[in-house]
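The structure under discussion appears below in the form of structure tokens.
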Amino acid sequence: MADLITTLLTIAVAVGAILTTVAYLILLERKLSAWMQDRRGPNRVGPFGVFQPLADGLKFLIKEDVIPARADKVMFLAAPCIGLLTTLLAFAVVPFGPVNDQPAYLRFIIAPHVDIGIVFIFAVTSLAVYGVILGGWASNNKYSALGSLRASAQVISYEIPLGMSVLGVALLGGTLNLENVVAAQAQGGFWQWYIWTQPLAALIFFTSALAEANRLPFDLSECEQELVGGYHTEYSAMKFALFFLGEYTHVITMSFLTVILFFGGWHFPWIATPGSAYVGAWLVKVLVLLSKVFSVIVFIMLIRWTIPRFRFDQLMNLSWKALIPLSLANMIAVMTVRQFGWNRWWLLPISIGLFCFVGIIGVSAKRAEIRHRHGASQGAGLHPLGGAGI
Amino acid sequence: MTAAADNQDVIWVEEPEIGFWEATFLPAIVEGLKTTIRHVTNYQPVTQQYPEEKPILPLHYRGVHRLNRDEQGRVKCVACMLCATACPANCIDILAAAAPPQWPDRDKYPASFVLDELRCIYCGMCEEACPVDAIELTHIYDLTGTSRNELMYDREKLLDVFDQTKDDPRDPTRTRRGRLGPAAEFGSLPTVAPATPITPGDRSAQAPAPGVIHPHKPSDWSRKPS
């Protein structure tokens, strides 16, 4: 019984914290975007616009809730719920603090001891695309449908590198349980963080996570220039807010995963180690974890205004021609190292070598393409660059 | 190369060779991140905080009209209807009346002068048409009202605008003569200076001054003003 109450309380606190964080992350993103573009950002509601999220939330609540006349009502209403539900559900197995030395009556994970944690997260977060597809389809709007089609193709393509890049970590640690993944890194210290042995996997994971969360430069399913609003064109008021919350929760979950899988979770040398036994050590560990996650989120926001959006064929090429083969090769490398009992540090040069190998292939493919274009077009009597673009 | 490439008017640009680092995307991403981070750390917003911070408009800005007064405080307008005729939006409505006998310098004056600020397109042609420099456009741009009637500016309102703006350095009374009447002299008047300082490179500075009619020597039109 006490366990049930603790669980319910943890859920309430976690969901409340996530939703509030999302509101303020949106403010932060708007502010950061403004700063990057030499604007000021929201600054009318309260000092520095700190009450802007409240105003936005209120606006979402009291706005007219439009359902298009020809829309499929049930699915139209279900889609945003699915979108938010699945992303929130994924958070159940993500530890947001030091699980091993949590104080009494405090839980740092909603569902502890889930041995298939990573699999669960991928299973549930890839369900989020149902929300997108249903929403786009039920809207009875061609732009929405196009957006949701793009989203489905994109999510299916990026699920594969996302999952396979994590398999390397799972193989190294011998566990799919996120608590144990963190514990393994914390035990080994700073140089045991998986970023050192799996830098390539970290890169692939982060890239695919951006694509999974529909963040720029991979937000093709909702790019305004081509699709009005994408799958949520017809959505307004609270239903749109649910989609938005779901998307941001996805970003938060993915940032947590990046930190937990590759950057040592709550571990930080000297400050927060498994041995640190000073009073309030758990609080420090939580703060370390949260600040790491915060840095990842800020980095995602920086990326948003740094890299232009991919074209759809480029997006597909990146996944199928680069990320999937790379993550496969990386996984095979980890398997080889584990099987023959080599020093795990071999994985660092292997990762870098793989990355360089792909770079060289990319260069030679591009050069071959240019050469080919040269020859073909001269035969036709046209200027080499007069034809189609890249 | 083909004959097309020899044509000097066309500059063919070769696609640059892609190198190893370009193919990996990484240096480009790092460069881009440096740019975005530099904008955050070295934050110099260009936004103007409008209601608190008013813009400094160029001197030739065309805002709300005013009807100028002469030295005796009378309305300068002689109800000649040139502005109403010139107006492309038909927003000026003048009712002319015979001038009082104590005003010997003119025949008519506007008994009513109504200008619809909502219809006006602020082209400034009334100002150019006016032979006695009575109507001018000021720099007032934030014109608001609660009804359409409120924005039908009559003679008194337009004179009020003059009283408000006559001392503003940005709205100098642009007449050079200070007295009424001899519209017929316009052929011999000096060229009207533009309201804004213009650089010699401007095309408008090189053209014969607009609105000046040379009655005698049309050949002068081709000559640039010195």
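The values are calculated or read from the model by the stated rules, or taken from the named source; none is laboratory data. Note that the structure is predicted; figures quoted are calculated from it, not measured. Every residue, glycine as well, gets a Cβ built from its backbone with ideal geometry; the counts of neighbours run over all protein chains shown. Ligands, DNA and RNA are excluded from the accessible area calculation, which covers all protein heavy atoms including side chains. Shrake-Rupley method; radii C 1.70, N 1.55, O 1.52, S 1.80 Å.
Worth pointing out:
- Qualifying residue in region B:45-58 (condition: touching a residue at least 24 places away in the same chain (Cβ under 8 Å) and away from chain A (no Cβ under 14 Å)): yes
- The lone exception for residue A:41 - which of (1) surrounded by 18 or more Cβ atoms within 10 Å (Cβ to Cβ); (2) at negative phi it fails: (2)
- Region A:124-156, subset in contact with an Asp or Glu (Cβ under 6 Å, 6 or more places away or on another chain) and in a loop (DSSP other than H, G, I, E, B), residue surrounded by the fewest Cβ atoms within 10 Å (Cβ to Cβ): A:126
- With respect to the stated conditions, residue B:79 fails to be more than 10 Å from chain A (Cβ to nearest Cβ), open to solvent by less than 40 Å² (accessible area, probe 1.4 Å) and part of a helix (DSSP H, G or I).
- In region A:176-204, of all residues being under 30 Å from residue A:132 (Cβ atoms) and touching a Pro at 6+ places or on another chain (Cβ under 8 Å), the one that is surrounded by the most Cβ atoms within 10 Å (Cβ to Cβ) corresponds to A:204.
- Highlighted here are the helices (runs of 4 or more DSSP H) found entirely within region A:1-117 that include at least 2 residues which are within 14 Å of chain B (Cβ to nearest Cβ) and more than 25 Å from residue A:131 (Cβ to Cβ): A:2-36.
- On the stretch given as region B:94-127, residues that are open to solvent by 50 Å² or more (accessible area, probe 1.4 Å) and either in contact with a helix residue (DSSP H, G or I) (Cβ under 7 Å, 6 or more places away or on another chain) or among the hydroxyl-bearing types (Ser, Thr, Tyr) (or both) total 4.
- Given (1) assigned to a helix (DSSP H, G or I); (2) open to solvent by less than 10 Å² (accessible area, probe 1.4 Å), index of the condition residue A:245 fails: (2)
- Single condition residue B:59 does not satisfy, out of (1) modelled with pLDDT of 85 or more; (2) part of a loop (DSSP other than H, G, I, E, B): (1)
- Filtering region A:350-375 to residues that are more than 11 Å from chain B (Cβ to nearest Cβ), modelled with pLDDT under 80 and open to solvent by less than 60 Å² (accessible area, probe 1.4 Å) leaves only A:375.
- Extreme residue, nearest to the other protein chains (Cβ to nearest Cβ), among residues of region A:290-305 that are closer than 13 Å to residue A:215 by Cβ and open to solvent by 40 Å² or more (accessible area, probe 1.4 Å): A:305
- Checking residue B:88 against (1) at pLDDT 80 or above; (2) at the interface with another protein chain (Cβ under 10 Å from one of its Cβ atoms); (3) surrounded by fewer than 12 Cβ atoms within 10 Å (Cβ to Cβ), the condition it does not meet: (2)
- Being charged (D, E, K, R), open to solvent by 30 Å² or more (accessible area, probe 1.4 Å), under 25 Å from residue A:332 (Cα atoms) and assigned to a helix (DSSP H, G or I) is true of residue A:159.
- Count of region A:205-238 residues, restricted to those that are surrounded by fewer than 21 Cβ atoms within 10 Å (Cβ to Cβ) and acidic (Asp, Glu), is 2.
- If you filter region B:27-44 down to residues that are of a type in the set (S, T, N, Q) and more than 8 Å from chain A (Cβ to nearest Cβ), you find that the one that is most open to solvent (accessible area, probe 1.4 Å) is B:41.
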